[in-house]
Amino acid sequence: FLGRKKDGEFLFQYKVAVTNTADTTVQLVGRHWVIKNSDGSVEATVPRGSPGVVGQKPVLHPGQSFEYASGTTLKTPTGSIAGSFQMVRIDNGRTGDGFDARVEKFLCDADATVGAAPNDF
């Protein structure tokens with residue numbers, strides 16, 4: 001939790017790590033998010049297939065990870081984010097089958113200490 005904006009909305013920052021646990025190279029090509037307030041109302045959506053993350057489409061070799069930070073606002077002091085990353089397999093430099101890597105719901109909570117993000121955030 002980062003604080004409140006002048007309009008009363010709650011401002012959150014989050015960090016996501018994507019790790020390739022497969023034995024083939026993959027590329028993150030898209031994302032889908034549903035961001036909800038604590039009352040269940042949808043605050044925002046990022047449509048499935050929206051390109052990459054933070055302006056990037058990282059290629060991950062087996063065992064590699066990619067981390068990024070982003071943020072959102074909510075009308076309520078708690079809420080959640082869930083969705084998926086659209087991935088494609090890369091074999092010998094050629095794009096193969098696509099698949100969705102599901103991102104389980106994670107919480108945004110204003111009761112967390114303001115500015116409590118890790119130093120490397």
* Lys/Arg +1, Asp/Glu -1 at C-beta; region 5-83 dipole; positive extreme among GLY79, THR25, HIS61 -> GLY79
* To do: In Å³ and rounded to a whole number, note down the convex hull volume per residue for the Cα atoms of region 1-46.
  => 119
* Structure fact -> Here the net charge surrounding HIS32, from other residues whose Cβ is less than 11 Å away from its Cβ (Lys, Arg +1; Asp, Glu -1), is +2
* Asked: Averaged per residue, what accessible surface does the chain expose to a 1.4 Å probe, in Å²?
  -> 60
* Structure fact -> Longest the chain segment clear of trypsin sites (Lys or Arg not before Pro) sitting in DSSP loops (not H, G, I, E or B) with at most 15 other Cβ atoms within 10 Å runs 7-74
* Structure fact -> For the chain the mean separation of alpha carbon contacts under 8 Å (6+ apart) over residue count, i.e. relative contact order in percent, is 32
* Structure fact -> To the nearest 20 debye, the chain has a Cα-centred charge dipole, built from +1 on Lys and Arg Cβ and -1 on Asp and Glu Cβ, of 280
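The values are calculated or read from the model by the stated rules, or taken from the named source; none is laboratory data. A quick note: this is a predicted structure, and the numbers were derived from the prediction, not measured. All Cβ positions, even for glycine, are placed from backbone atoms using ideal geometry, and neighbour counts span all protein chains on display. Protein only, heavy atoms only, side chains kept; ligands, DNA and RNA dropped before computing areas. Shrake-Rupley method; radii C 1.70, N 1.55, O 1.52, S 1.80 Å.
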